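Reading through the structure tokens given below for one structure.
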Amino acid sequence: MKKKLRFNTAAIHGGQSHDPAYGAVMPPIYQTSTYAQTTPGGHKGFEYSRTHNPTRQALEKSLASIENGKYGLAFSSGLAAIDAVLKLLEPGDEVISTNDLYGGSYRLFTKIFQGFGIKFHFVGMSDVNEITNVVNKKTKLIWVETPTNPMMNVVDIMAVSTIAKKYKLLLAVDNTFASPYLQQPFDFGADIVMHSATKYIGGHSDLVLGALIVNDDKLAERLFFIQNASGAVCGPMDSFLTLRGIKTLHVRMKRHCENGKIVAEYLNKHPKIEKVYWPGLESHPNHLIAKTQMRDFGGMLSFIPKGADFDVAIKIVENLKLFTLAESLGGVESLAGHPASMTHASIPKKERVKSGVVDSLIRLSVGIEDSQDLIEDLEQAIG
Ligand code: P1T
């Protein structure tokens, strides 16, 4: 039986072997669209790079390994990966999703797939009864994002999976904010794990890439079919960079968590800050679930300055010097964002505010710089 690798080892070696041609330790960037055949079908396992590419395949094996899954599939973006999952469904099917999630996922659900006859229910999953309230015969998929973007709610995956199993529903978990270093959703009963590898997995803000990881053979076969038939695959260069990022995931995540804690505690004590959303704080409503489900609490947090409105929040993010005002997260450098006008602007204001994404909310992706420099930057920006 194959020995199961511990996480830090899997990040570096999981699913990897030296390149058979020259023994290259890192898989070469196979920058090719096609592969020579001696006779039709006479090839070495690769025919066309939309279907298979050796660099992408090395990444897919690594992705499977770090999530403790059997199959990995890499896509051109996180949204392309989500798109592939939704293509498992048919018109008339229903999906139950977290009500607080990345604005782009919400947009894909409501502006694309709703038009194809799929119905979405957005519910607060801190109370799993909200899921059972809307489950019906047409429900096929539960979509969980945890921690959620940007409110940092933590969903009890095991509790949701009990419901999914009872009603024979697929359970997909967007594990982008946690990364597999902090949380491995298969341990809690998920069927599909999804990542925007653009974020922590890539880790260096230099690529856009998505991933799905599954265990079930039939589900993998169908998703591979969709991946090839729809064609939203990532290129060899981005596959290589993502694989390179994975090799330091555990080292980076440890530091993201340390800095996240320092920044969250600093903001939590700050007289000019009203509220901090970070699951490591004991006051966080899902702190206990986070403690059991996650190894640590991560480097993502959101906060609301006291008495702030849209303009005050914008002023603070503009004042930041070390934190870059930008979309995205999970890179080595610290980023700040204003969800209402940036990442979540595609959600109608009424819906957004219902889940807490008010105009004064600021989101931070705490990087791995010296934490004191980060605190000093926040201090001068908050004033
Ligand atoms: O950007 P892309 O690689 O397509 O991934 C989409 C996506 C999916 N899921 C979550 C939880 C995400 O945060 C994202 C992308 N998010 C941002 C760009 C952002 O700044 O929040």
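Since every read-out is calculated from the coordinates, none of them should be taken as a lab result. Everything numeric in this text was worked out from a predicted model, so none of it was measured. No Cβ is skipped: glycine too gets one built from the backbone with ideal geometry, and neighbour counts run over all protein chains shown.
See the values below:
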item: Cα-based radius of gyration of the range 235-306 once divided by 2.2 N^0.38 Å, which approximates compact folds; result: 1.38
item: Cα-based convex hull volume of the range 249-382 per residue, rounded to whole Å³; result: 108 Å³
item: Relative contact order of the range 249-382, defined on C-alpha pairs under 8 angstrom at six or more residues apart (%); result: 28 percent
item: Under-5 Å amide H pairs with residue 275, H placed in peptide plane, nonlocal only; result: 304
item: Selected from 203, 45, 103 as most flexible by GNM, with the chain as the system and alpha-carbon contacts under 10 Å; result: 45
item: Relative packing of peptides 118-124, 256-262 - highest average C-beta neighbours within 10 Å first; result: 256-262, 118-124
item: Residue with peak Gaussian network fluctuation, the chain [Cα springs, cutoff 10 Å], from 240, 297, 116; result: 116
item: Estimated dipole of the chain in Debye, rounded to 20 [Cβ of Lys and Arg +1, of Asp and Glu -1, Cα centre]; result: 980 debye
item: The range 281-342 and the range 117-150: distance between their alpha carbon centers, rounded to Å; result: 24 Å
item: Rh (Kirkwood; distinct C-alpha pairs) - the range 121-194, Å; result: 12.3 Å
item: Inter-centroid distance (Cα atoms) of the range 19-94 relative to the range 237-267, Å; result: 25 Å
item: Whole-number percent relative contact order across the range 7-246, with pairs defined as alpha carbons under 8 Å at least 6 apart; result: 25 percent
item: Estimated vicinal HN-Hα couplings, Hz - the range 246-263 in sequence order (Karplus 6.51, -1.76, 1.60; Gly, Pro = x); result: 4, 5, 10, 3, 5, 6, 5, 5, 4, 6, 4, 5, 4, 5, x, 5, 4, 5
item: Estimated translational D of the range 40-90 in µm²/s (Stokes, Kirkwood radius over Cα pairs; 20 °C; 1.002 mPa s); result: 171 µm²/s
item: Using alpha-carbon coordinates, inclination of helix 217-230 to the longest axis of the chain, degrees; result: 90 degrees
item: Cα centroid of the range 157-175 to Cα centroid of the range 355-383, whole Å; result: 34 Å
item: Taking 55, 110 and counting other C-beta atoms within 10 Å, the order from fewest to most; result: 110, 55
item: When the convex hull of its Cα atoms is projected in every direction, mean area for the range 140-249 (nm²); result: 7.5 nm²
item: Amide H contacts under 5 Å for residue 325, placed H, 5+ residues apart; result: 336
item: Dipole-positive endmost among 262, 293, 313 within the range 249-382 (Cβ charges, Cα centre); result: 293
item: Global form of the range 100-162, assessed from the alpha-carbon gyration tensor, a/c cut-off 1.5; result: oblate
item: Helix-only [θ]222 nm of the chain, DSSP H runs n ≥ 4, -39500 (n - 2.57) each, per residue, nearest 500; result: -10000 deg cm²/dmol
item: Long-range amide H partners of residue 139 with built H, under 5 Å; result: 94
item: For the chain, built as a Gaussian network whose Cα springs stay under 10 Å, the top-fluctuating residue of 183, 37, 293; result: 37
item: Globularity ratio of the range 24-66, using Cα Rg and 2.2 N^0.38 Å; result: 1.28
item: Cubic angstrom per residue, convex hull over Cα atoms of the range 70-204; result: 104 Å³
item: Derived scalar couplings ³J(HN,Hα) [the range 316-329; Karplus, 6.51 cos²θ - 1.76 cosθ + 1.60; whole Hz; x for Gly, Pro]; result: 4, 5, 6, 6, 5, 10, 8, 5, 8, 6, 6, 5, 6, 5
item: Per-residue ³J(HN,Hα) for the range 100-117, Karplus 6.51 cos²θ - 1.76 cosθ + 1.60, θ = phi - 60°, Hz, x for Gly and Pro; result: 10, 7, 3, x, x, 5, 4, 5, 4, 4, 7, 9, 10, 6, 4, x, 8, x
item: The chain - convex hull of the alpha-carbon atoms, volume per residue in Å³; result: 144 Å³
